[in-house]
Amino acid sequence: MDYSTQVSALEKRVQDLEDSIKAAASKSHAELQREIDKAHTDTQQALKGAQQQVGAANAQVQDSWSQLKADAATRMADLKAHVDQRGRKIDANLAEDDAEWAESDAQAAIDYANWAIDNAKYSVLSAIDARANADELATAAVR
């Protein structure tokens, strides 16, 4: 799993978010509404994708956990019979399961971070739009 590439992609998304926020300050209410609608759609799509990945990862984790428990019971019987060899045995399957579980957790965290960035964009754009709308209405009321 290439974490560096995924973290670099997150950094780019954060920079894009910052650029969007700076650009939003000079946009009209209608332009902001279009961006808000797009950000909302993007957030919903990202959430659906993350939910699907989490569901798949959860099923894999459950299968791995069941297999891990069965393997552990078998290993315990072997360990009781061969106590003197316990220190020399390495369970590659357990290590592989641990690695897959950790990779799955890492992927879920990155997916969550992607969703959080989408949600942050939506929330910040909504806040900017609400402030711009309030300022426009206040200016119109004074006239």
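Given (1) loosely packed, with under 12 Cβ neighbours inside 10 Å; (2) modelled with pLDDT under 70; (3) farther than 30 Å from Asp2 by Cα, where does Ala73 come up short, assuming only one miss?
So the condition that Ala73 fails would be (2).
Within region 92-122, which residues are of a type in the set (A, V, I, L, M, F, W, C) and under 17 Å from Gln53 (Cα atoms)? Reasoning before the result, please.
Our first condition is that a residue be of a type in the set (A, V, I, L, M, F, W, C); within region 92-122, this holds for 92, 94-95, 99, 101-102, 106, 108-110, 113, 115-117, 120.
Within region 92-122, Trp101, Ala102, Ala106, Ala108, Ala109, Ile110, Ala113, Trp115, Ala116 qualify.
Is it the case that Asp97 is surrounded by 17 or more Cβ atoms within 10 Å (Cβ to Cβ), part of a helix (DSSP H, G or I) and at pLDDT below 90? Give the steps one after another, and end with the answer.
Values: surrounded by 17 or more Cβ atoms within 10 Å (Cβ to Cβ): yes; part of a helix (DSSP H, G or I): yes; at pLDDT below 90: yes.
Here the answer is yes, as Asp97 does meet what is asked.
Consider region 113-138. How many of its residues are in contact (Cβ under 8 Å) with a residue 12 or more places away in the chain and surrounded by fewer than 14 Cβ atoms within 10 Å (Cβ to Cβ)?
First, the residues of region 113-138 that are in contact (Cβ under 8 Å) with a residue 12 or more places away in the chain: 113-115, 117-122, 124-126, 128-129, 132-133, 136.
Right, trim to surrounded by fewer than 14 Cβ atoms within 10 Å (Cβ to Cβ) and you get 133, 136.
Counting residues in region 113-138 that are in contact (Cβ under 8 Å) with a residue 12 or more places away in the chain and surrounded by fewer than 14 Cβ atoms within 10 Å (Cβ to Cβ) gives 2.
What tally of residues in region 41-50 results from selecting those that are farther than 12 Å from Ala116 by Cα and surrounded by 13 or more Cβ atoms within 10 Å (Cβ to Cβ)?
Residues in region 41-50 being farther than 12 Å from Ala116 by Cα and surrounded by 13 or more Cβ atoms within 10 Å (Cβ to Cβ): 1 in total.
Looking at region 23-63 only, could you name the residues that are in contact with a Phe, Trp or Tyr (Cβ under 6 Å, 6 or more places away or on another chain) and polar (S, T, N, Q)? Steps first, please.
Kept after step one, since they are in contact with a Phe, Trp or Tyr (Cβ under 6 Å, 6 or more places away or on another chain), are these residues of region 23-63: 39-40, 43, 46-47, 50.
Across region 23-63, the qualifying residue is only Thr43.
Regarding region 77-89, can at least one residue be identified that is over 28 Å from the mean Cα position of the chain (by Cα), among the aliphatic types (A, V, I, L, M) and modelled with pLDDT of 75 or more? Talk me through it step by step, then tell me what you get.
Start the filter on region 77-89 by keeping residues that are over 28 Å from the mean Cα position of the chain (by Cα), which leaves 77-89.
Next cut, among the aliphatic types (A, V, I, L, M) only: 77, 79, 81, 83.
Of the ones still in play, those that are also modelled with pLDDT of 75 or more are none.
Within region 77-89, not a single residue is over 28 Å from the mean Cα position of the chain (by Cα), among the aliphatic types (A, V, I, L, M) and modelled with pLDDT of 75 or more.
Based on this model, can you work out whether Ser28 counts as at pLDDT 80 or above and over 26 Å from the mean Cα position of the chain (by Cα)? Show your work before the answer.
On the way: at pLDDT 80 or above: yes; over 26 Å from the mean Cα position of the chain (by Cα): yes.
Considered against the rule, which asks whether it is at pLDDT 80 or above and over 26 Å from the mean Cα position of the chain (by Cα), Ser28 comes out as yes.
The values are calculated or read from the model by the stated rules, or taken from the named source; none is laboratory data. If you're wondering where the values come from, they're calculated on a predicted model, not measured in any experiment. Glycine also receives a Cβ, built like all others from the backbone with ideal geometry; neighbour counts cover every protein chain displayed.
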